[in-house]
Amino acid sequence: MIGSVLRFAFKQLSKRRLPIVNGKLTVSGLHDEVEIIRDKWGVPHIRAKTDYDLFFAQGFVHAQDRLWQLEQNKRVAKGQLSEIIGDLALDTDRTALTFGFARSGKADWELLGDEIKRALTAYADGINAYMRHPTSKLPLEFTLLRFKPELWTPEDSLAISRLMVWQLSHAWYGEIIKSKIIEKIGEKHAKELEFIYPEDNPATLPTGIEFNLLNIDKSLTGMKGPFISKGKGSNSWVVSGKLSKTGGAYLCNDMHLKISLPSIWYENHLKSKSIHASGVTLPGVPLIQVGHNNHIAWGMTLAFVDSEDLYIEKLNPENDAQVEYNGKWEAIKILKEEITVKGQKEPYIEEIKITRNGPIISKVVSGHNEVLSVKSLALQPTRSFEGWYKLNCASNWDDFVSSIKLIDAAQLNVTYADTEGNIGYYVSGKVPIRKKGKGDVPTPGWTSEYEWTGTVPFEEMPHAFNPKQGYLVTCNHKIVDDDFPYFLGNVWMNGYRAKRFDDIMNTMDKVGIEDFKKMQLDFLCPPALEMKRILADYKSPNTENQILLDYFFGWNGVLSPDTIGGTIYEILRYFVLKTILEPGLGKELTTIYMGTGFHPILYHSHEFYGHDTPLLLRLLKNPESWWITNAGGYESVLEEGLKQTLSWLHSHFGEKPQNWQWGKLHTVTFTHAMSIQKPLDKVFDRGPVAIGGDTDTLCQTAIAPDDPFEVKTWAPSHRQIIDMRNLSNSLIDHPPGQSGQLASPHYDDLINSWLNGEYHPMLWTDDQLEVYMKSKLILSPIKGVH
């Protein structure tokens, strides 16, 4: 009851703080008038004469709708949360400062060209213009926390960008997990837990490179450039005209990230003399991150290549400002960072040590005894922002490739389609070449023996252009076969989603928008069907357990919200796996192995996530495995898993199977940062709402091992379907809504459409805008002031 009362009261307070979206505002800093049309979904379509005014206006609308999120993102990246929240956020700040996202952002600024610096400055000027404007009122969160935001700087945007890049990079934490497992049960038994990619699941580009100039429009045959002649063979979710119902190319993308409120993404349509692009943006950062322009479209998924290593450092016992390197003591850099903590008189001082390999992270990543430093391409200076800028302006494949070459990090699968019917794919980000080993466990940092000798040449990174099969799919799965000449990594996602996509495509002659909609909401679970085959001959000696199995065997493998057999599969999978692993690893390490990260905000999961299911299937096929025998034997493992499954279902939903629908326990809550203070969760959060799927369905709704059935890890944070034959037909959706303002009608209006697999149009033409326009705001410069 108190939650409902508070929500009503706070919404009334929030109404007084909503931004002006109609009429005309005079704003200091603009050069010319800018038009901002908002459609019925709250999406701003910005028209400006210059790029400076365009990015200025983008910063302005981000601040209008997401000012609290901007502040939150900035403080997380810069290690300043404790100043407004208190010591609850101290570990988050210590971690952010140790890894140094703000330091990396400052280093990036020095590398960027004047054009990019102007864009970042214009964006910051727009945010600040909104905060300074006499009509602007701070969102409710600032009142509740009793502080005012400081003015924005370009370095704030770069710090946020660096945090995002680091969160999308992989490998260092997996090294800690592997070393813990070896320490616990020895190398022999640890080896059985290593990820083995399922042999029936596909690789994106088996031969690494595929490049075809066949069936290209004649207007492209004269394209010149450093990349047009490269390549020979391979695959990603772009579909060429030969397989589409329209005869044009399609690009589909749904990025799986942690679900939050407001959304991680903000939809924008940007138009100036040199840029015309639409898609999703990251609040705190200018440009379009994923979407399309007049000529090309691009989508992104994590590549899971290995771009990070951990090193064991030897500190000088007589001088902790030195570490050993090749038999000598070498000075390290020491920083002392002050963290202001709300409610404390004195700041907390975090001492950060940085070796030649990178920052020492042992103090903020607990659970091991060694002094560990991390070397990560995500923390090294980069011109990636310049790559994103050029991507927004790209006209063809050569421009696209030139843009990707500048994106040193993050390591992403970037898909490509253009209005001429071409499709393609390139892996962005650098991957190190190691002098020795594969960097799969922490290695000695006191010697040059394990150093990086360079990076994989960009031209030899996996890429494809117009593959013969007519489509490419990337689902974070294995990129290349094992005989690829460079080591890119060995901890991909398990490939079940990619296999499901291939299976669907193999049943269809031609595909179109309605087919893609169904694919993006597809809940068939391939490993569940495999588990049914493995257990098909098993008969339980316990009558209740056998009834449970019969429900499972009668299920069709579709994890819809109303399935009962799917519920049994998920709970049985979970408890059988824990029954097998916990006798050897213990409860804590088992949960970590199954995917729990070291920090709930900065690093909530890791690259081992999702590997437990193929491991379970392998072990069930091998009853003689040490892990099975150590847990009591094959029958004992299954009976214990069935017993725990039945007990869990009875205690949570009663004894009647008709009450065991998957959607009752598999739910999504759109969580706001203020919900850490009860009962504000009843005010700001939305949900829980029932949803289908799991980690291995095309519509991926991943569950966390420490809370195994609710969607707390990631899910589709956005969906887009781009029609390159007619860009006006393109569709998009991103929950929960455009605005972070509690009283806005666009705070949560996209949740139901997202649940139902519905979309809204990516408005592109003036005619479309006239139909769907809900408001028009003119930003006007102060005469004589620029």
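The values are calculated or read from the model by the stated rules, or taken from the named source; none is laboratory data. The structure presented is a predicted model; accordingly, all values stated were derived computationally and were not measured. Methodologically, a virtual Cβ is constructed for each residue, glycine included, from the backbone with ideal geometry; neighbour enumeration extends over all protein chains shown. Protein only, heavy atoms only, side chains kept; ligands, DNA and RNA dropped before computing areas. Shrake-Rupley method; radii C 1.70, N 1.55, O 1.52, S 1.80 Å.
Remarks
- For the chain, with all protein chains in place and a probe radius of 1.4 Å, 50% of the accessible heavy-atom surface sits on carbon or sulfur.
- With R₀ set to 35 Å, the beta-carbon distance separating Val5 from Thr26 gives a calculated FRET efficiency near 0.30.
- If only the Cβ of Lys and Arg carry +1 and only the Cβ of Asp and Glu carry -1, the dipole of the range 392-442 around its Cα centre is close to 620 debye.
- Ranked from largest, the principal axis spans of the Cα set of the range 132-173 equal 47, 24, 13 Å.
- The Rg/Rh ratio for the range 430-503 is 1.06, where Rg is the radius of gyration of the alpha carbons and Rh is the Kirkwood radius.
- Note on Phe553 and Glu770: the extension gain reaches 72.7 nm, defined as 0.36 nm multiplied by sequence separation minus the Cα-Cα distance.
- Efficiency of FRET between Lys438 and Glu35 - r from beta-carbon atoms, R0 60 angstrom, step 0.05: 0.65
- Qualifying trypsin sites (Lys or Arg not before Pro) in the range 131-168, where qualification requires a DSSP coil assignment and no more than 10 other C-beta atoms within 10 Å, comprise Arg146.
- By the Stokes-Einstein formula, at 1.002 mPa s and 20 °C, the range 1-109 with its Kirkwood radius over alpha-carbon pairs has D equal to 125 µm²/s.
- Restricting the calculation to alpha carbons of the range 280-434 gives Rg and Dmax of 20.9, 66 angstrom.
- Taking the alpha carbon gyration tensor of the range 418-471, multiplying each eigenvalue by 5 and rooting it gives semi-axes of 36, 10, 8 Å, largest first.
- Straight-line cross-link partners of Lys682 among the lysines, defined as a Cα under 23 Å from its Cα and at least 8 positions apart when in the same chain: Lys11, Lys15, Lys258, Lys664, Lys712.
- For Met762, nonlocal amide neighbours, meaning residues 5 or more places apart or on other chains whose placed amide H falls under 5 Å from its own, are Ser730, Leu731, Ile732.
- Equivalent ellipsoid dimensions for the range 476-561 as semi-axes, Å, which come from the Cα gyration tensor, largest first: 32, 22, 10
- A simple spin-label model places pseudo-atoms 7 Å from Cα toward Cβ; at Asp320 and Thr543 they are separated by 6.6 nm.
- For the chain, accessible area per residue (1.4 Å probe, heavy atoms of protein chains only), Å²: 38 Å²
- Spacing of the modelled spin labels on Lys678 and Asn756, each 7 Å from Cα toward Cβ, amounts to 3.4 nm.
- Principal axis dimensions, the range 490-632 - Cα atoms, whole angstrom, descending: 51, 45, 27
- Burial order of peptide ranges 408-420, 636-648, 450-462 (average beta-carbon count within 10 Å, highest first): 408-420, 636-648, 450-462
- Think of the chain as having a plus end and a minus end, set by charges on the Cβ of Lys, Arg, Asp and Glu; of Pro206, His760, Trp41, Trp41 sits farthest toward the positive end of this dipole.
- Farthest towards the positive end of the charge dipole of the range 100-139, among the residues Gly105, Leu138, Ala124, is the Cα of Leu138, using unit charges on the Cβ of Lys, Arg, Asp and Glu.
- Net charge of Cβ neighbours under 12 Å - reference Gly105; Lys, Arg +1; Asp, Glu -1: +1
- For the chain, the spread of Cα coordinates along the three principal axes comes to 85, 71, 67 Å, biggest extent given first.
- Placing +1 on each Lys and Arg Cβ and -1 on each Asp and Glu Cβ, with no other charges, gives the range 67-183 a dipole about its Cα centre of roughly 180 debye.
- In this Cβ point-charge picture (+1 for Lys and Arg, -1 for Asp and Glu), the chain has a dipole of about 1800 debye about its Cα centre.
- Rg over Rh, two decimals, the range 68-176 (C-alpha only, Kirkwood Rh): 1.01
- Label point at Phe147 placed 7 Å out along Cα→Cβ; residues across the range 64-89 whose backbone nitrogen lies under 14 Å: 68-89
- Calculated FRET efficiency, Asp562 to Lys49, Cβ-Cβ distance, R0 = 41 Å: about 0.15 to the nearest 0.05.
- Loop GluC sites (Glu not before Pro), the range 282-320 (other Cβ atoms within 10 Å of the site Cβ: 15 or fewer; DSSP): Glu318
- Projecting the Cα atoms of Phe684, Met255, Leu619 onto the charge dipole of the chain, computed from C-beta unit charges around the Cα centre, puts Phe684 farthest toward the positive end.
- Cross-link reach is defined here as a Cα-Cα straight distance under 16 Å, omitting same-chain residues fewer than 8 places apart; for Lys430 the lysines meeting it are Lys375, Lys405, Lys438.
- Label-to-label distance, nm, for residues given as Ile354 and Lys15 (7 Å Cα→Cβ offset): 5.1 nm
- For the range 697-739 and the range 329-365, distance of Cα centres in Å: 37 Å
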